Amino acid sequence: MLGPNGAGKTTSIGLMLGLRQPTAGRARLFGLPPTDRRARSRCGVMLQESGTTSVLTVREIVDLFRAYYPAPLPAERAIAMAGLAEQARARIGTLSGGQRQRLYFALAICGDPDVLFLDEPTVGMDVEARRAFVSSVQALAAAGKTIVFTTHYLREAEELARRIVVIDRGRVIADASPQELKGAVPGKKITLVTARPLAREALAGLPVSVLDVTGTRASLLSNEPAAVLRELFRRGVDVADLEVTGADLEEAFLALTRRGEAGA
Amino acid sequence: MSGDARTEAPAATRWPVAPLGRMLLAQSCSEIRTRWRIPAFSVTIVALPVLFFTFFGLPYVGQTLPNGTNLGAYLVASFAAYSVGSVMVFGFGIGVATERGLKVDVLMRATPLPPLIAILAKVINALAYALLSLVVLIVYAVIVGGVRQDLAVWLDMVVRLLAGSVPFIALGFAIGYTCGPNVAPAAANLVYLPLSFASGLFLPVSQLPGFVRAVAPYLPAYHYGQLAWSAVGAASEPMAVALAWLAGYTAVFLAIAFRAYRREESRKFG
């Protein structure tokens, strides 16, 4: 589940888990209300902004959470999968932010759940922790687990997801495979600084989505940056500085939704 | 509506869940271990009653009350009541507020652990520490203070105090749900210390200032004290009256706790 901050990703996860009540409609997990213990026994959860007591050790709290599930993984295995083997005897209060995030992952998987809900799982992880996390998630997916996770990074979604649901301001704006999505949104971001303020007409008819034009500075999204730039030069736009980068999906989809609103 | 029928899952009734007994055991052990590692809690609840008894009780051990009760035993009963009440008020008050501050409750709510088991584990944990604190106080009073009572009297007192501690659990929840983690310790002290004093748990009610003596019979700790005093034959009201007062206060505190809980619930989880 991909979307910018405030898109409603955490709210959606909360609804799926029965932590929040929908104002309309209803959520079902395995056909059961999400608060049902039978449904929860098949789910592992990693939430943003949740905490644990700090005086227990990693091993102790993993063992505690294992007691909540009917057929948990061995504690050593869950801890190793989260990359915390060396910290197993450490108190939670002594863990770094990234290690703490790994601990929450260990707590999510220790019950050997069929479905994992991970809300922004990689926030706060360092490069190494992230790599370990990615390979664990891929191993779990290969073992037939369903993994629902939220992110605002396109690359993370591409790397891990088979299906991406993009949401913005509480609405689903795309639901497709990573390949399909990449084709549907502009992949490059062009940042221009011009000598004179850029007139809107200078961009007319170009294959771009306009992110922002203020005075002499413009941000554009396009799948054909070379063609766009050629045409801009041909129109005599005086470019003082120029940068072409890969667009992140958040920007791309914001552009798409805003364009949709302007057209409506 | 019939179109929805297939989204229900009658076949799901045979899905395995973890046994509740195992959850309760693991949760209780975890609570007890957690508390043990917080000296601010574990040391305080054991040491304070002993210290108070040393200052306010030991000098009077040899004396007898007008009704013939040994003053030492009476004061042990007083501080025993103080001690169990403090475990409940501080344990639940500060404990619940701290967990809310750390958002432990958010993660717990998404696990298969039923909330009732979580609360039961907290109660078991609190009873264990209350028992520990009572045993230490009584052993100290017997060995150091030379207070003599039959073992049956001490046992009777312990059972009465543990069983009657419900209103203070409710008071703890009320503090824990209305106060943040930084305010809760102060609130618990501000509520519980004057309450204990004015209820005759530090000094016998007869020795309190006049206006406090007038207020005492309306306070929960006064009626809770009766449970302990009755064990040493020094109660000043029938047990039924004390229990009725305690039940009433339980209802009031639970109502406060429940209101605060619901208010937070609607704020946090929409």
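Residues in the stretch A:132-158 that are out of contact with any Asp or Glu (no Cβ under 9 Å at 6 or more places or on another chain), modelled with pLDDT under 85 and loosely packed, with under 14 Cβ neighbours inside 10 Å: 0 in all. For the stretch A:95-106, a residue qualifies if it is under 18 Å from B:Thr34 (Cβ atoms) and either modelled with pLDDT of 95 or more or not in a helix (DSSP H, G or I) (or both), and exactly one does: A:Leu95.
Matching residues to (1) closer than 30 Å to A:Pro70 by Cα; (2) within 14 Å of chain A (Cβ to nearest Cβ); (3) under 19 Å from the mean Cα position of the chain (by Cα); (4) among the charged types (D, E, K, R):
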{"residue": "B:Thr111", "(1), (2), (3), (4)": "yes, yes, no, no"}
{"residue": "B:Pro115", "(1), (2), (3), (4)": "yes, yes, no, no"}
{"residue": "B:Ala118", "(1), (2), (3), (4)": "yes, yes, yes, no"}
{"residue": "B:Ala121", "(1), (2), (3), (4)": "yes, yes, yes, no"}
{"residue": "B:Ala126", "(1), (2), (3), (4)": "yes, no, yes, no"}
{"residue": "B:Ile138", "(1), (2), (3), (4)": "no, no, yes, no"}
{"residue": "B:Ala141", "(1), (2), (3), (4)": "no, no, no, no"}
{"residue": "B:Leu151", "(1), (2), (3), (4)": "no, no, no, no"}
{"residue": "B:Leu155", "(1), (2), (3), (4)": "no, no, yes, no"}
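Please find, within the stretch A:198-219, the residue that is nearest to the chain's Cα centre (by Cα) out of those that are modelled with pLDDT of 85 or more and not hydroxyl-bearing (Ser, Thr, Tyr). Among those residues, the one meeting the criterion is A:Ala218.
Checking A:Ala27, A:Ala80, A:Ala7 one by one, the residue that is more than 9 Å from chain B (Cβ to nearest Cβ), modelled with pLDDT of 90 or more, more than 23 Å from B:Met23 (Cβ to Cβ) and part of a loop (DSSP other than H, G, I, E, B) is A:Ala27 and no other. Condition check for A:Glu49 on (1) at the interface with another protein chain (Cβ under 10 Å from one of its Cβ atoms); (2) buried (at least 21 other Cβ atoms within 10 Å of the Cβ); (3) within 24 Å of the chain's Cα centre (by Cα): one failure, at (2). With respect to the conditions (1) without any contact (Cβ under 8 Å) to a residue 40 or more places away in the chain; (2) out of contact with any Lys or Arg (no Cβ under 9 Å at 6 or more places or on another chain), A:Ser177 lacks only one, and its number is (2).
Residues that are free of Cβ contacts under 8 Å to residues at least 40 places away in the same chain, surrounded by fewer than 21 Cβ atoms within 10 Å (Cβ to Cβ) and basic (Lys, Arg): does the stretch A:101-112 have at least one? Within the stretch A:101-112, not a single residue is free of Cβ contacts under 8 Å to residues at least 40 places away in the same chain, surrounded by fewer than 21 Cβ atoms within 10 Å (Cβ to Cβ) and basic (Lys, Arg). If you go through the stretch B:137-156, how many residues are exposed (fewer than 12 other Cβ atoms within 10 Å of the Cβ) and not in a helix (DSSP H, G or I)? Residues flagged as exposed (fewer than 12 other Cβ atoms within 10 Å of the Cβ) and not in a helix (DSSP H, G or I) within the stretch B:137-156 amount to 2. Going residue by residue through the stretch A:65-74, is there one that turns out to be surrounded by fewer than 20 Cβ atoms within 10 Å (Cβ to Cβ) and among the charged types (D, E, K, R)? No; the residues of the stretch A:65-74 include none that is surrounded by fewer than 20 Cβ atoms within 10 Å (Cβ to Cβ) and among the charged types (D, E, K, R).
Look through B:Val61, B:Val87 and report the one residue that is over 27 Å from A:Gly14 (Cα atoms), more than 9 Å from every other protein chain (Cβ to nearest Cβ), touching a helix residue (DSSP H, G or I) at 6+ places or on another chain (Cβ under 6 Å) and modelled with pLDDT of 95 or more.
Numbers: B:Val61 fails: modelled with pLDDT of 95 or more.
Result of the check over B:Val61, B:Val87: B:Val87.
Within the stretch A:114-128, identify whether any single residue is within 26 Å of B:Ile117 (Cβ to Cβ), part of a loop (DSSP other than H, G, I, E, B) and assigned by TED's automatic domain parsing to the domain that holds A:Ala157, and answer yes or no. Spell out how you get there, then give the answer.
Start the filter on the stretch A:114-128 by keeping residues that are within 26 Å of B:Ile117 (Cβ to Cβ), which leaves A:114-119.
Then drop every residue that is not part of a loop (DSSP other than H, G, I, E, B), which leaves A:114, A:119.
Imposing the further condition that a residue be assigned by TED's automatic domain parsing to the domain that holds A:Ala157 reduces the set to A:114, A:119.
Yes, the stretch A:114-128 contains a residue that is within 26 Å of B:Ile117 (Cβ to Cβ), part of a loop (DSSP other than H, G, I, E, B) and assigned by TED's automatic domain parsing to the domain that holds A:Ala157.
Within the stretch B:171-191, track down each residue that is part of a helix (DSSP H, G or I) and among the small types (Gly, Ala, Ser). Matches in the stretch B:171-191: B:Gly172, B:Ala174, B:Gly176, B:Ala184, B:Ala186, B:Ala187, B:Ala188. Name the residues in the stretch B:192-215 that are part of a loop (DSSP other than H, G, I, E, B), small (Gly, Ala, Ser) and farther than 20 Å from B:Val61 by Cβ, would you? Within the stretch B:192-215, B:Ser199 is the sole residue that qualifies.
Between A:Gly51, A:Gly44, which is of a type outside the set (D, E, K, R), part of a loop (DSSP other than H, G, I, E, B) and assigned by TED's automatic domain parsing to the domain that holds A:Ile167?
Numbers: A:Gly44 fails: part of a loop (DSSP other than H, G, I, E, B).
One residue alone meets the criteria, A:Gly51.
Being surrounded by 15 or more Cβ atoms within 10 Å (Cβ to Cβ), within 19 Å of B:Tyr82 (Cβ to Cβ), in contact with a helix residue (DSSP H, G or I) (Cβ under 9 Å, 6 or more places away or on another chain) and touching a residue at least 12 places away in the same chain (Cβ under 8 Å) is the requirement here; does B:Tyr261 meet it? No: the conditions fail for B:Tyr261.
Candidates are the residues of the stretch A:75-100 that are within 27 Å of the chain's Cα centre (by Cα) and among the β-branched types (Val, Ile, Thr); the one that is surrounded by the most Cβ atoms within 10 Å (Cβ to Cβ) is A:Ile79. Check the stretch B:10-19 and report whether any residue there is surrounded by 15 or more Cβ atoms within 10 Å (Cβ to Cβ) and at pLDDT 90 or above. Looking for residues that are surrounded by 15 or more Cβ atoms within 10 Å (Cβ to Cβ) and at pLDDT 90 or above, one finds at least one in the stretch B:10-19, hence yes.
The values are calculated or read from the model by the stated rules, or taken from the named source; none is laboratory data. All figures in this text were calculated on a predicted structure; none of them were measured in a lab. Please note: Cβ atoms are built from the backbone with ideal geometry, for glycine as well, and neighbour counts cover all protein chains shown.
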